[in-house]
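Here's the structure, in structure tokens; my notes come after.
The values are calculated or read from the model by the stated rules, or taken from the named source; none is laboratory data. The structure displayed is predicted, hence computed values, not measured ones. In this analysis, Cβ positions are derived from the backbone assuming ideal geometry, glycine residues included, and neighbour counts consider all displayed protein chains. Ligands, DNA and RNA are stripped out before the accessible areas are found, and what is left, the full protein with its side chains, is counted by its heavy atoms. Shrake-Rupley method; radii C 1.70, N 1.55, O 1.52, S 1.80 Å.
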There are 2 protein chains.
Amino acid sequence: VFQFVSNGSVTSVKGIKAAGIFCGVKKRKKDLALIVSDSLCSVAGTFTLNKVKAAPIVISKEIVKQNGKVKAVLVNSGNANACTGEEGRLDALKMQKECADKLGVKPSEVLISSTGVIGQKLPVEKIIAGLDKIIPLLSEKGGIDAANAIITTDKKIKSFAVKVQLSKGETTIGSICKGSGMIMPNMATMLAFITTDAKIDQSIIQKLLTSCVNESFNKISVDGETSTNDMVTLMANGASGVEILKGTKDYKEYESALMAVCKEMAKTIVSDGEGATKLIQVNVTNAKTQADANLVGRAISNSPLVKTALNGGDANWGRIVSAAGNSGADVIPEKISVSFNDLAVLKPNFEIVLDEKKAFKILSQPEFSVNVDLNVGKESSTWWTCDFSEEYIKINADYRT
Amino acid sequence: VFQFVSNGSVTSVKGIKAAGIFCGVKKRKKDLALIVSDSLCSVAGTFTLNKVKAAPIVISKEIVKQNGKVKAVLVNSGNANACTGEEGRLDALKMQKECADKLGVKPSEVLISSTGVIGQKLPVEKIIAGLDKIIPLLSEKGGIDAANAIITTDKKIKSFAVKVQLSKGETTIGSICKGSGMIMPNMATMLAFITTDAKIDQSIIQKLLTSCVNESFNKISVDGETSTNDMVTLMANGASGVEILKGTKDYKEYESALMAVCKEMAKTIVSDGEGATKLIQVNVTNAKTQADANLVGRAISNSPLVKTALNGGDANWGRIVSAAGNSGADVIPEKISVSFNDLAVLKPNFEIVLDEKKAFKILSQPEFSVNVDLNVGKESSTWWTCDFSEEYIKINADYRT
């Protein structure tokens, strides 16, 4: 059993401190976040599959791969330190080392992450100067400031926590994340930092995170883009004394809670997607294979024509069926049925049962579901997407200026 | 040697008549086009790869597949006759048969095509009534009217013709096409009807068309969508007496001319893409394989983030490199260089040589090229795309209303 904590964040977790400040990478807003655990954490991470990987991605990924234990994550926003070559790599290592030195830990115990404009030199001196300011501010109430410091074009800060009751006691999962642009359903497609005071052995923590990421962050789309900088990390410091052991009922309970946090983050990222006005859950059912269910869910979630129609509240189910036909999945067009929430729109053999007024009412809500029954098998998949608005274009036409 | 004819169209070709009228499928604008050849034509066609295929696609595709000879193409706009089930199939057959009867030819000698809204019953009686009006209007000057009658959200009509000088005389290639939405680089992704008075045997006409479509219509993207109704046909009536024989110099000359017409149509479709303000040629060079060159060209041409940046004249080369990294192609980020027209922007090892002012000037032009040198092989690919503007959203948010 788990429940969400109000105003929860990474610092809802025992033994975790955080802070967020302005250090000068951006023009005015907070741009540097630091999350520190009192004790060493086992860690899991998922990283962008884009072949163009930002410098901090390469460095943090290596730490996770080597089964390293970590104490901190340092994140800057405003500059992605991507496509910055050898100089960018050295800047990333420098920001990691300076942070480690000032915290009195090893560089390999500090994960680093960056988000913002690609291809501009990281103003690493500003970040280093910022360290002297941020470290004294670390506190058990700093999670929200940290959440504030990692966002870019996000309109809202994003942080969650749940308390999980297990057989041996209570443990907490806390999180902060950011999203907005370059969000595509293929791996950790934004930044998300999760902390927990559960004790989770290095041998199982990655599996636990991966299974949750696959059903949350990997099932969302704002614009079909996979960034150079995406990462999701889970740090477990064991401060609650509650251990999660493989194959137990507690493991399943804990996994459900972690999944809930990941899905909540994923959905919040979509609903605050660039220019988004609506959060749309896409339920694909009765596909021949799991892969087919995912292909159709992804195609619908990525389709500009579907997303613009939903923006206008237009029940253009033809575009939904067309996207399914285009997805590469094995579909039989005549067998497809479509509904919005509980309102049937299309039945098999292209029997149209659309009530335009009722459909418009549903599609005008801030949140609804598009259900596509392929009717050729038993596999299903759930995705989340947002509408595509004029605002998206405005934001992206002059992002750098 | 070939040259473009001013105000050319399908009726620039000997023995071809056409007309375009309003018959009531749309509210006001022309919506029915008919192209008729005096004599039987050999025919080639390429059709949408979307698994959801409109009724007329299924019927016309079968004619081409059976190596049929044809005399006419009947096209309506305003209604796609897609996702209309068995009723839609019967409507399509009816429109084909009525047209054939009234022209005094066999139904299998009439290709049919539809474009417009998906999932609404075709008002076939209006089309049949329109036949009595359009047939008397068929003329050697009707090509532009026909071009007018096939467009939907296109802002401009699209028609071209070239005269080709071959060893045995002159032959002409004429064309009309429409595009605008649901344009994606995978097969004939809009409607294009090409006529020619060359004599081309059925055994080679398909190969000729396919090779030209692959380098033109299959290399464009407006929004990454493949429609349910796309088709390109080439009808050759032999009226010029000039025969195109396999393996000859004339074949190559003729193929170049046909390629030029196809590319011109493809580029016009992109530059008049929904909301497009700019025509962008994407040149990908030095890829490891042809497939890789295409993957990168397609990824850049489809990327909303690249297309919105270009809309704003923003030299955001990072998004271009990121799209390449995301394409699935085998790329080495450090080896990539990028230029706009002749202006180098990024050199290998992420050496940035961007002159923002000069770049902005180029990206503010209505037409320019984005050149991406992958520097890992010898294969190249050329694509055409447009920018992504607020207008695109406006058009598509309420297309049906």
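Using a 1.4 Å probe and ignoring any ligands, DNA or RNA, find the accessible area of B:V58 and quote it in Å² to the nearest 10.
80 Å²
I'd like the mean, over residues of B:309-320, of how many other protein chain beta carbons sit within 10 Å of each residue's own Cβ.
The mean count of partner-chain Cβ atoms within 10 Å per residue comes to 6.
Longer than 24 Å from Cα to Cα, which of A:K267/A:K307; A:K65/A:K133; A:K207/A:K252; A:K61/A:K94; A:K278/A:K358; B:K17/B:K246 are they? Say none if no pair is.
From A:K267/A:K307; A:K65/A:K133; A:K207/A:K252; A:K61/A:K94; A:K278/A:K358; B:K17/B:K246, over 24 Å: A:K65/A:K133; B:K17/B:K246.
Sequence gap at least 6, Cα distance under 8 Å: using those rules, report the relative contact order of the range B:219-331 to the nearest whole percent.
RCO, the range B:219-331: 26 percent.
Summarise the partner chain shielding of B:228-238 as one whole number: the mean count of Cβ atoms from other chains within 10 Å of each residue's Cβ.
1
Which of the helices in chain A meet the span-like rule: DSSP H, Cα axial reach of 30 Å or more, Kyte-Doolittle mean at least -1.0?
Helices meeting the criterion: A:249-271.
Label-to-label distances across copies for B:T289, with labels 7 Å out along Cα→Cβ, in nm, shortest first?
From this label point to the equivalent ones elsewhere in the assembly: 1.9 nm.
Please give the charge dipole size of the range A:1-140, origin at the Cα centre, charges +1 on K and R Cβ atoms and -1 on D and E Cβ atoms. Round to the nearest 20 debye.
260 debye
Using unit Cβ charges (K, R positive; D, E negative) and no other charged atoms, how large, in debye to the nearest 20, is the dipole of the range B:77-221 about its Cα centre?
300 debye
What does the structure give for B:299-308 when I average, per residue, the other chain Cβ atoms found within 10 Å of the residue Cβ?
Mean shielding by partner chains, rounded to a whole number: 5.
Report, for B:L354, each distance to the same residue's label point in the other copies, shortest first and in nm; define the point 7 Å along Cα→Cβ.
With the label placed 7 Å along Cα→Cβ, B:L354 yields 4.2 nm.
In straight Cα distance, which aspartates and glutamates are under 16 Å from A:K106, not counting same-chain residues fewer than 8 positions off?
Candidates past the 8-residue exclusion: A:D38, A:E62, A:E98.
Taking the range A:114-176, which GluC sites (Glu not before Pro) meet the DSSP loop condition and have no more than 16 other C-beta atoms within 10 Å?
Those satisfying the criteria are A:E140.
If you put +1 on each Lys and Arg Cβ and -1 on each Asp and Glu Cβ, how big is the dipole of the protein assembly as shown around its Cα centre, in Debye rounded to 20?
Charge dipole, the protein assembly as shown, about its Cα centre: 160 debye, nearest 20.
What figure, in Å² to the nearest 10, do you get for the accessible area of A:F47 with a 1.4 Å probe and non-protein molecules left out?
Counting only protein heavy atoms, the figure is 10 Å².
Mind listing the label-point distances from A:T277 to the same position on all other copies, shortest first, one decimal in nm, points 7 Å along Cα→Cβ?
Distances between equivalent label points, in nm: 2.1.
Ordering B:I157, A:I269 by how much accessible area each has at a 1.4 Å probe, largest first, what is the list?
Ranked from most to least accessible, the order is B:I157, A:I269.
Whenever you get a sec, line up B:S113, B:S139 from highest to lowest accessible area (probe 1.4 Å, protein heavy atoms).
Largest to smallest exposure gives the sequence B:S139, B:S113.
Using the structure shown, select from B:K14/B:K249; A:K263/A:K347; A:K71/A:K126; A:K178/B:K51; A:K121/B:K378 the pairs with a Cα to Cα distance greater than 26 angstrom.
Among B:K14/B:K249; A:K263/A:K347; A:K71/A:K126; A:K178/B:K51; A:K121/B:K378, the Cα-Cα distance tops 26 Å for A:K263/A:K347; A:K178/B:K51; A:K121/B:K378.
Restricting to Cα pairs below 8 Å that are 6+ residues apart, what does the relative contact order work out to for the range A:14-125? Please round to a whole percent.
28 percent
Provide B:T195, A:T382 ordered by accessible surface of protein heavy atoms (probe 1.4 Å), highest first.
A:T382, B:T195
How far apart, in nm, are the 7 Å Cα→Cβ label points at A:L49 and B:E356?
Taking the two extended label points, one gets 3.6 nm.
Reachable aspartates and glutamates from B:K168, Cα under 15 Å, same-chain residues fewer than 8 places away excluded?
Straight-line reach from B:K168, under 15 Å: B:D197, B:E243, B:D250, B:E253.
State whether the range B:104-256 is rounded, prolate or oblate according to the following rule on the C-alpha gyration tensor (a ≥ b ≥ c being the square roots of its eigenvalues): a/c under 1.5 gives rounded; otherwise a/b larger than b/c gives prolate, and the remaining case gives oblate.
oblate
For the protein assembly as shown, give the share of DSSP beta bridges that are antiparallel, in percent and rounded to the nearest 5; count only bridges with both residues there.
Just about 70 percent of them are antiparallel.
Given a Förster distance of 41 angstrom, what is the FRET efficiency for B:S364 paired with B:K97, based on the Cβ-Cβ distance and rounded to 0.05?
So, using R0 = 41 Å, E works out to roughly 0.20.
For the rotation that superimposes chain A on chain B, which residue of A has the C-beta lying nearest to the axis, and at what distance in Å?
In residue-and-Å form, the answer is A:E390, 2.
When only Cα pairs under 8 Å and 6 or more residues apart are kept, what is the percent relative contact order across chain B?
The value is 18 percent.
Per DSSP H run of n ≥ 4, the term is -39500 (n - 2.57); total these for the protein assembly as shown, divide by its residue number, and report the mean residue ellipticity at 222 nm rounded to 500 deg cm²/dmol.
Helix-only estimate at 222 nm: -10000 deg cm²/dmol.
Of the beta bridges DSSP finds with both residues in chain A, what % are antiparallel, to the nearest 5?
70 percent
If a/c stays under 1.5 just call it rounded; otherwise compare a/b with b/c (prolate if a/b is bigger, oblate if not). Do that for chain B, with a ≥ b ≥ c from the square roots of the Cα gyration tensor eigenvalues.
Prolate, because a/c is 1.5 or more and a/b exceeds b/c.
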